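The values are calculated or read from the model by the stated rules, or taken from the named source; none is laboratory data. Here the structure is a predicted model, which is why all the values come from computation and not from measurement. Ideal geometry is used to build each Cβ from the backbone, glycine not excepted, and the neighbour counts take in all protein chains shown.
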Amino acid sequence: MVFLLIFVPLIIAVAALVVPSNRWRPWLIPLAGVIHLGMTVWTLSCAHPVAGLQGWLALDPLGKLVLGLISVIFTICGFYAPAYLALRPERQNRFFCACLLGMLGMMTLVVLSHHLGLMWVAIEATTLCTAPLLFFNHSARSLEATWKYLLIGSVGIALALLGSFFLAYSSLHAGLVPTLLLDDLVKMAPQLSRPWLHAAFVLLLVGYGTKMGLAPMHTWKPDAYGEAPGLVGALLAGGVTSCAFLSILRFYQICLAAPEAAFAREILVFIGLFSMAVAAVFMVRQRDFKRMLAYSSVEHMGILVLGIGLGGLAAFGALLHMITNGVTKGVLFLSAGNIHRAYGSKLTDDVRGAMRRLPVSGVTFLAGFLIVTGSPPGGPFISEFTILTGAINGGHYAVAALYLAVLAIVFIGMGTTVLRVVQGVPSPQAASTAYRDRPQLVIPILIFLGLSILLGLYIPNSLTTALHDAVAYLEVKP
Amino acid sequence: MSHIVIHIFLLLVMPPLLLGVIGKTKALFAGRIGPPVLQPYYDLSKLFQKGTVFSTTTTWVFRAGPVVGLATALLAGMLIPFGGHSAPVSFNGDMILFAYLFALGRFFTAAAALDTGSAFEGMGSAREVTFSCLAEPALFFGFLVLAKLSGSLSLTTMLDGAFPLGAGVAAPSLVLVAASLFIVLLVENCRIPFDDPNTHLELTMIHEVMVLDHSGPAFGMILYGAAMKLFVMGAVLLRVVAPFELGNSWYDWGLFMAGMLGLAVLIGLVESMMARFRMVFVPTFLVAACLLSAFGVILLLR
Amino acid sequence: MKDFIDPILVVVLLLNFVALGASRLRTLIQAVAVQGILLGFMIVMAHGSFMIWVALMAGATVALKGVVIPRMLFHAVREVVIRREVEPIVGFVASLFLGAVGTALALLFSKTLPIAHDHMSSLVVPASLSTVLTGFLILTTRSKAITQVVGYLILENGVFIFGLLLMEAIPFLVELGVLLDLFVAIFVMGIIIHKISREFSSVSTSMLSELKE
Amino acid sequence: MIFLIPIFLIPALGGIYGTEYWSQQAHPHNGRKLRLFYGLVTAALATVAVSANAILFLVAWEIMALSAFFLVTTEDEDRAVRQAGWLYLITTHISTLCLFALFAVLRVATGSYALGPLPVDLASPGIVTAVFILAVLAFGCKAGLVPFHIWLPSAHAMTPSHVSALMSGVLIKIGIYGLIRITSWLPDPPVWWGGLLLILGAGSGVLGVVMALGQHDLKRLLAYHSIENIGIIVMGVGLALVGRSLNCVEWVVLGLAGALLHVWNHGLFKALLFLSAGAVIHGTHSRDLDHMGGLGRVMPVTALCFAVGAIAICGLPPLNGFVSELLIYIGAFRSLGIGQALSWPAAAFVAPVLALIGALALACFVKAFGAVFLGTARSRHGEHAHEVGRAMTRPMLVLAILCVGIGIAPIVVAPVLDQGILAWILDGTDEVPRVATLVPLGWVSLGSLTLVALLGLFTLAMRKRITQGGSASGITWDCGYAAPSARMQYTASSFAQILGTLFGWIQHPRVRAPRVEAVFPGRTTFKSHVPDILLDVVLKPVFRFGAKLLSSFRFLQAGNIHAYLLYIVLFLMALLLWR
C-alpha cells in the first residue's frame, strides 16, 4: 500500500508523458487524484500500522494529517486542472501534467519517509518538479520567477542536507551508531551531542524554512506564486509548504525528545512572529493580488511555526491551522487564477469589480479573504483562536498581543487589495475578454470553500482525535 | 387647596404685570412717564381680538410654536414653589422636567421661526438655541448645588430654605448660583444686556426676531408665554436669593408678590443702566455663568 | 588511507580560493570539476576499503561532479555566453579577502563544536564549512547565472565533504538519490540559463530583477 | 432579553419599509442581496444575544458584522460607499480580534468556552482587568463609542436608510449588550471602571453631538447622534458600575434602568428618524440639508414622524427619550446624597453634561428639522419631492406611536427593566429596589398627560380666536425686501455657524470662503466641511504615515537574487550565534 501511494502517481506521470492528446491528457490528473484519495482514505481508515522498508517508510499520526490534506487538495485541484488547461489550448501541457503528478508522488514520499535522507531527496524532488510548473506561462517574468525559486530553494535545501548530516554526526559524536532514521534518533535523542544538535536544528530550520517560505527566506515566494498558474499556487501553498512544515516538525520532535525544548521553542516563536511581521509589512499597499496571496502564505507559515513553538494547545491549533489554511488557500488561489484569466492582469490598477464581472469567483475570493484572516465561521478562525488561547494559556502575553496586532495589520493590508479587486465596476475592456465563470472552474473552489466553512462550524471527531494523536506524537516526553 | 388655586391664579394673571413694571421702571429711570403698568394686559387683549396673517410657506409647525411655548411655560409654573408655598405638582426629579419643558417650548418656537423661511427668523432661532446650549449646563450646575445643599430631588424642598449642611456652608455656593441664575434668566428671557426686546434692528435681536411673522392671537400667546417664563424663572431665583417665610401663609403670598415686583424693578434697573452687549460676547457671559455655578459645586467639595 | 584526506582537503580549500579569484569562467568551472574529482577520491579513502558500492559511489561522484556537470556548464558557456568573464559584484581581491575571513570563521566555529578526534581527520569540519561559505560567497557576489550555478555546486561540495564523516550512516540509495537530485537540479538550471539567454540576450542575473515590490 | 425586543421589532418594520424603499424593480442588481443579508444580520443579532458559548458568540458576532458590511456596501459602485464599507470592516475586525483575546483570556481563566459569571476564586485582578479593558475596546468599537467611532458616520450615511435604521437602532446596541453582559460577569469592579465608562460616555455624548452640528448630510448628522446617544447609554452603565463598586444599589438601578431604557428608546426613535430620512431621500434624491426645505407641506406624514423622532431624541417631554434621560439624571442627582468625598462629584457631573448634550441636540435637530421640512425648497431636489407610499409610512407611524406610548406610560416597561437589573446584579441577595419606587413614573405620566391636555386646550382656543378674528395669508415678511427668494433662507450651515465657531476647536471645519473684494462682487461659492476629528484629523495621517513607513521597507524585496541569498546567510549566522 505504501508503495502504491507513492508509485501510482509516478506511473500516471509517466503515462502523461506518453499520452499524445493535449486535450485528454489533463484528465489523468483528476484520475490520479481520485485513486490517490481512495487509497489514502483506505490507508487512514485501516487500523494496523502502515510501514515499509524496515522503518524507512511509516505513516505516523502527523503524516496522516498531512497525507489527508495533500490528497484532498490535490484531488480538488485535479478537477480544476482540465478546465484550466482547456483555457490555454495554445500551451503544450505534457510536462505540466507529468510534473504535477510527479509532485504528488514526491509529496507522498516526504510524508511517508521516516529516513531523513530519503525525506531530503523527496523534498528536493518536489522543488525540481515545481520548476516546470512555474514556467508554464513561458514569459520572461515566469522565467525569472522559476530561476529564483530554483536557486533559492536549492541553496536552502542544501543547507538542510548539511543540517541532516550534523544531526547524524551528533549521534556519532555521542558514541552511538550514526543514523538518519527518525525513530532511532528520537529514541536516542537524550544522548545526542547538544552543540551539534543545536547547529543541526538551526540549519534545518533555515533550510526547510526556505522551502516553507519563512521570512527572511521567503523571498522566492511572491515571485513564484505571482507568476505560477493559480492551480500551482494552491498546490504549493497548501501542499508543498505543508510537507516542508512536516519535515521541520520531524526535527522539532527530536529536539523535544533531546530535551532541548526551550531552545527550539524560542527560535520557532521568534521566526513565526518575524515571518508574520514581514508578511504584514509587504502586504500593505500591495498592488498585485497574487503576490499578496504569497505574502499571506508567508504569514500563515509564520502562524504555524509560532503555534508549534508555543506548544500544547497552540500546537494543536497549529496543526489544525495547517489543514484549514491549506483548504482556504485553495479557495484564494483558484479564485485569483480565475480573476487573473478574466482580466488578463493581476494588478489592482486594472482589476476592478470582480464581483460583477465574475459572480462566483469574485465572491469566493472575498469569502476566502475573510476566512483566511480569521473571521468566524471559517476554519482558520478556530485554529487561529486556538493558537491565541494557547499563547495566553502559556502566559505568553506579549506574544499574544503581537500576534493580534500583526493579524490586524494583515487584515488591513490584505483587505485594501482584495476589496479593490472585488468591488466597484469593471472596466469595459475587462468585460470584453472571453473568460466566463464555468461550472468546472468554480465547483472546485466552492468545494474548498465549503470544506473551509465546515471546518469552522464542525470538526469531525475523527479529525480531533487525529490532531490530538499528532500532538501527542509530536510532543514526546523525554 | 386654596393655595393651589391662588398659585394657579397668580401664575395666570401676574406675568404681564412684571413686564409692565419693568417698562415703567425703565421709563422712570429715563425720565419719562412711560406706559401704564397694566399696558401689557391691554396689548394682550388687543392682540387676541385681532385677525391673523399666515405666510404661505408655513405649516402646522408655525401654528404649534406659540401653543407649545405657552403650554410648557404654564406647566413649568406648576412645578415651582411660589414663596414659601409648595408647588401644586412636586415629585423627585421635577427640576429636570422643569428644564426640559422650557427646552420643548424652545424647540417649537425655533422650529416655527424656521418655518417662515425667512433669513431673519432663521438667524434668531439659531441664536436662541445656541445660547441655550450654554445656559442649560449653568442651570443644572445650579440644581446640583441646590440638591446637594437640601439633600432633596424636588424643587419644592430644594427651595424651602432649609439647609441641613448649615447656612455657613450654603451661603457662598448660593451666592454664586444666584448670580449664575440671574444671568441665565436674563438670557433666556431676552433682556438687556443680552438681547433687546424693543429694538427694531432685526439683525441684533434674538427672541423678538424669531416671532416677527406671528400676528394676532398667535403673537399674543407668544408674548403671554414669554412673560410667564420670566415669571416662573424669576420665582426660582427669588427663592434662591431670599428663602424667607413669615410664618403666616397669607403673608407669604404677599411677600412673594412683593419679591417678584422687586425683581422686576431690578431687571428694569439693569436694563436701564447697561447697554446691550455685542452678540459675540454673549457666549462669554454664559460660559461665565456656567463657571459660577460650577464653582458653586466645587465649593461644596470641602 | 585516511592520512591522505587532510592534504586533499587542503587542496580543496585552495581550490576554493582559486574559484574566488578566477576571472574567467573556464577557470572557475575547472576548479569545481577538480574539486568534484577529489571528492570522489576522498570517498574511497574515507571508507578505507574497496567495496562495490563504495566504488560505485565514488565513480558516480567523479563522473557527475568531475565530468558531466562541468561539461554541461562548458557547453552552456559556449552556447550562450558572449563575454567569458566572471563579472563580479565584489572585486576579486575583496572576494579573496572575504574567503579568507570565511575560512577563518569556519575554523573558529568548528572549534566550538566538539569533534570526535579518534574518528576522522580534524580538518573535515572546517573544510566543509569554509567550502559552504565560499559557495555562498560566489552565489552572492557573482552576477552571471552560470557562476551562480557554480556557487551552488561548491556549496554542495562542502556539504558532501561533511558527508565523508558519515559514510556508515548514509545509505547508498540515499547518496545516489542526492546525487541524482543534484544532477537534475543542475540540468534544469542549465535549461533555464539557456532560456534566459534567449529571452534577455544576456545571462547576467542583474537583468532578472523585474519581479519586485 | 431586553435586547431581543428591538432586535425583532425594528428589522421587521424596516423590512416592510424596505419593500418600497429598495424595491426589486428599482434595484435589480442588489435588491436580492440586500434582503438576504438583512435577514442574516437579524438572525445573527438574535443569536448573539442568546448565545452562552464563546465560539457560538463569535460566529454569530462575525456573521452579523460581515452581513452588515455587505449591507453597507450595497451600492459598491460608489467610491464613497466602498470607503465607508472598508472603514467599517477594519474597525469591526479589530473589534473581533479584541473579542478573540477576551474570550481566550476567559477560556484560560475558566477552562471552558461556556459563557457565564466568572467565579470569584478564579478571577485574579489581572485577568479581570484585562477582560474589562478588552471588552471596552471590542464592544466600544461596535457601539461606536468615542474614540472608536470612526466607522460609524460614513457607514450609516452610505447604506440604504432602513439598513441605517437597523444598524443604528439595533446593531450598535449589541456592543452595549456585550459591555453590560461582560461587566455583570466580573466580580468586584473597582471604581475606576465606572469612572472610565463615565468619561468615555461623556466624551462620546458631547463629541458626537458637536460633530453632528457641523454636518450638512442628513444621515451623517443622524449617525453622529447615534454616537451621542451611545454616550448617554454608556454614562448610565458607568453610573451603575460605580454604584456596584460602592455598594449603592440606587445608582445601579437608576443607571442601568436608564441605560437599558435608553437602548430601547434610541432604537425606536433613531429608527424612526432614519426611516423618515430615508423617505426624504427617496423623495428628493439628495442627502444634503442645504438642498432641501419646505418638505413639510408635500410630505406631511414624514414631517410629523421626523418631528416626533426629533423631540424624542432631544429627550424632551412627553416622549420616551425624556423618561430614560430622567432615570439617568435622577441617578446622578441621587449620588449627591452619598457622603464620600470624591465619588459624588464624579457621578454628579453627569447631570450638567447631559444638559449640555440635550441642549446641543436640540439645536441640532431644530436645524435638521427646519432645514428639511420647513421654509421653502432650496433647490430642484426639494421641488420634485413627493410623499412616500404606505409601506414606508406605516412602519414609521408605528415607531412614532411607540415613542409616544413609552413617553406617556413608562410604568408599563418598568417591570421588564427590573428583570434586567436583577439579571445584572448577580450577587443581589440583598433587596434591590424596584425602578418604579425610585422614580416617580406616575408623575411623569401625569405631567405628560397634562401637557398634552394643555396643548389641546390652547390649540382649540387659538383656533377659535383665529376663526373669530379672521385670518389671511401672504408671503413671509422680509423687512421690506422686495424680491425674496428661497435661496435667501437661513441654511443649515448658517444655522450652526455660531455654535461652529464656539466648538471650532473640536470640529476643525475646513472652510473655503470667498473674499469679498469689489463693491459688486461676482458670483462666488462658499464651502465648508466638517471632517471627523479623530478619523480625518488624527487617524488618517497616522495611517498614511504608517503605510509609508512600511512601504519604505520595500527596497528589501527589490528583485535582486544576490540580496535574497545574502539574507539567508546572514539569518543563518544570526541563528547560529543565538546561543
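Within segment C:156-179, residues that are more than 9 Å from chain A (Cβ to nearest Cβ) have Cβ atoms under 7 Å from residues that are crowded, with 22+ Cβ neighbours inside 10 Å and not aliphatic (A, V, I, L, M) in these pairs: C:N157/C:Q35; C:N157/C:G36; C:N157/C:T131; C:I161/C:S128; C:I161/C:T131; C:L179/C:T61, counting only partners at least 6 apart in sequence or on another chain. Taking residues in segment D:392-421 that are buried (at least 24 other Cβ atoms within 10 Å of the Cβ), and partners anywhere that are among the charged types (D, E, K, R) and modelled with pLDDT under 90, the pairs with Cβ atoms closer than 8 Å and at least 6 places apart or on different chains are D:M392/D:E20.
Of the residues D:G236, D:G293, only one is modelled with pLDDT of 90 or more, of a type in the set (G, A, S) and buried (at least 24 other Cβ atoms within 10 Å of the Cβ); which?
Only one candidate qualifies: D:G236.
Is it the case that segment A:158-179 has a residue that's without any contact (Cβ under 8 Å) to a residue 24 or more places away in the chain, surrounded by 24 or more Cβ atoms within 10 Å (Cβ to Cβ), closer than 14 Å to C:M189 by Cβ and facing chain C (nearest Cβ under 7 Å)? For segment A:158-179, residues without any contact (Cβ under 8 Å) to a residue 24 or more places away in the chain, surrounded by 24 or more Cβ atoms within 10 Å (Cβ to Cβ), closer than 14 Å to C:M189 by Cβ and facing chain C (nearest Cβ under 7 Å): absent. Looking only at residues of segment C:15-62 that are over 20 Å from C:V159 (Cβ atoms), outside any loop (DSSP other than H, G, I, E, B) and polar (S, T, N, Q), we find that the one that is modelled with the highest pLDDT is C:Q30.
Residue check: D:W86 meets all listed conditions (1) out of contact with any strand residue (DSSP E or B) (no Cβ under 9 Å at 6 or more places or on another chain); (2) more than 14 Å from every other protein chain (Cβ to nearest Cβ); (3) farther than 20 Å from D:G208 by Cβ but one, namely (2). Elements of the type helices (runs of 4 or more DSSP H) sitting completely within segment B:1-99 and holding at least 1 residues that are under 20 Å from B:V240 (Cβ atoms): these cover B:2-13, B:15-29, B:60-79.
Restricting to segment B:80-103, and then to whatever is within 8 Å of another protein chain (Cβ to nearest Cβ) and over 14 Å from the mean Cα position of the chain (by Cα), can you tell me which residue is nearest to B:V5 (Cα to Cα)?
B:V89
When B:L134 is tested against (1) under 22 Å from D:P440 (Cα atoms); (2) part of a helix (DSSP H, G or I), just one condition goes unmet, and that condition is (1). Mind checking which residues of segment D:548-574 are away from chain C (no Cβ under 13 Å) and either within 30 Å of C:T141 (Cα to Cα) or within 30 Å of the chain's Cα centre (by Cα) (or both)? If the condition is that a residue be away from chain C (no Cβ under 13 Å) and either within 30 Å of C:T141 (Cα to Cα) or within 30 Å of the chain's Cα centre (by Cα) (or both), then D:L549, D:A574 are the ones that fit.
Taking segment D:254-286 as the range and being surrounded by fewer than 24 Cβ atoms within 10 Å (Cβ to Cβ) and β-branched (V, I, T) as the test, only D:I281 passes.
Let's see how each residue does on (1) farther than 25 Å from D:S286 by Cα; (2) at pLDDT 90 or above:
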{"residue": "D:A143", "(1), (2)": "yes, yes"}
{"residue": "D:I150", "(1), (2)": "no, no"}
{"residue": "D:L179", "(1), (2)": "yes, yes"}
{"residue": "D:V191", "(1), (2)": "yes, no"}
{"residue": "D:L198", "(1), (2)": "yes, yes"}
{"residue": "D:Y224", "(1), (2)": "no, yes"}
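For segment C:61-94, a residue qualifies if it is farther than 30 Å from C:E199 by Cβ and crowded, with 18+ Cβ neighbours inside 10 Å, and the qualifying residues are C:T61, C:V62, C:G66.
If you filter segment C:77-103 down to residues that are within 14 Å of another protein chain (Cβ to nearest Cβ) and among the small types (G, A, S), you find that the one that is farthest from C:R142 (Cα to Cα) is C:G102. With the structure loaded, tell me whether D:P514 is farther than 30 Å from B:S55 by Cβ, more than 14 Å from chain B (Cβ to nearest Cβ) and either modelled with pLDDT of 80 or more or in contact with a strand residue (DSSP E or B) (Cβ under 7 Å, 6 or more places away or on another chain) (or both) or whether it fails that test. For D:P514, the condition - farther than 30 Å from B:S55 by Cβ, more than 14 Å from chain B (Cβ to nearest Cβ) and either modelled with pLDDT of 80 or more or in contact with a strand residue (DSSP E or B) (Cβ under 7 Å, 6 or more places away or on another chain) (or both) - is not met. Considered as a group, the residues in segment B:144-168 that are under 25 Å from D:G315 (Cα atoms) and within 7 Å of chain D (Cβ to nearest Cβ) include one that is surrounded by the most Cβ atoms within 10 Å (Cβ to Cβ), and that residue is B:L144.
For the criterion of being within 14 Å of chain D (Cβ to nearest Cβ) and among the small types (G, A, S), B:G51 passes. Consider segment D:317-328 and keep the residues that are within 7 Å of chain B (Cβ to nearest Cβ) and modelled with pLDDT of 90 or more. The one that is surrounded by the fewest Cβ atoms within 10 Å (Cβ to Cβ) is D:L326. The sole residue among B:E128, B:E121 that is facing chain D (nearest Cβ under 9 Å), in a helix (DSSP H, G or I), at pLDDT below 85 and in contact with a helix residue (DSSP H, G or I) (Cβ under 6 Å, 6 or more places away or on another chain) is B:E121.
Scanning segment A:180-220 for residues that are farther than 30 Å from A:A131 by Cα and away from chain C (no Cβ under 14 Å) turns up A:D183, A:V186, A:K187, A:A189, A:P190. Kindly check whether there is at least one residue in segment D:103-112 that is surrounded by 22 or more Cβ atoms within 10 Å (Cβ to Cβ), of a type outside the set (D, E) and without any contact (Cβ under 8 Å) to a residue 12 or more places away in the chain. For segment D:103-112, residues surrounded by 22 or more Cβ atoms within 10 Å (Cβ to Cβ), of a type outside the set (D, E) and without any contact (Cβ under 8 Å) to a residue 12 or more places away in the chain: present. Considering segment D:422-450, the residues that are among the hydroxyl-bearing types (S, T, Y) and surrounded by fewer than 16 Cβ atoms within 10 Å (Cβ to Cβ) include one that is modelled with the highest pLDDT, namely D:T437. C:G151 fulfils the conditions (1) more than 8 Å from chain A (Cβ to nearest Cβ); (2) touching a Ser or Thr at 6+ places or on another chain (Cβ under 7 Å); (3) among the small types (G, A, S) except for a single criterion, (2).
Check segment A:324-341 and report whether any residue there is touching a helix residue (DSSP H, G or I) at 6+ places or on another chain (Cβ under 9 Å), surrounded by fewer than 24 Cβ atoms within 10 Å (Cβ to Cβ) and farther than 29 Å from A:L463 by Cα. Don't jump to the end; show me each part of the working.
Applying the first criterion (touching a helix residue (DSSP H, G or I) at 6+ places or on another chain (Cβ under 9 Å)) to segment A:324-341 yields A:324-341.
In the following step, the residues that additionally are surrounded by fewer than 24 Cβ atoms within 10 Å (Cβ to Cβ) were identified as A:340-341.
Retained after the next criterion (residues that are farther than 29 Å from A:L463 by Cα): A:340-341.
The answer is yes; a qualifying residue exists.
Can you name the helices (runs of 4 or more DSSP H) wholly within segment B:155-238 that have at least 3 residues being at pLDDT below 85?
B:167-188, B:207-210
A Cβ distance below 7 Å, combined with a sequence gap of six or more or placement on separate chains, defines the contacts here; from segment A:338-353, residues that are away from every other protein chain (no Cβ under 14 Å) reach residues that are part of a loop (DSSP other than H, G, I, E, B) and buried (at least 22 other Cβ atoms within 10 Å of the Cβ) in the pairs A:N338/A:L358; A:I339/A:V351; A:I339/A:L358; A:H340/A:K346; A:A342/A:L358; A:Y343/A:V351; A:S345/A:V351. Of A:L128, A:L87, A:L28, A:L100, all but one fail to be more than 23 Å from A:A318 (Cα to Cα) and without any contact (Cβ under 8 Å) to a residue 40 or more places away in the chain; the exception is A:L128. When each of D:V253, D:V280, D:V298 is tested for being under 30 Å from D:V439 (Cα atoms), touching a residue at least 60 places away in the same chain (Cβ under 8 Å) and assigned by TED's automatic domain parsing to the domain that holds D:G315, the lone residue that passes is D:V253.
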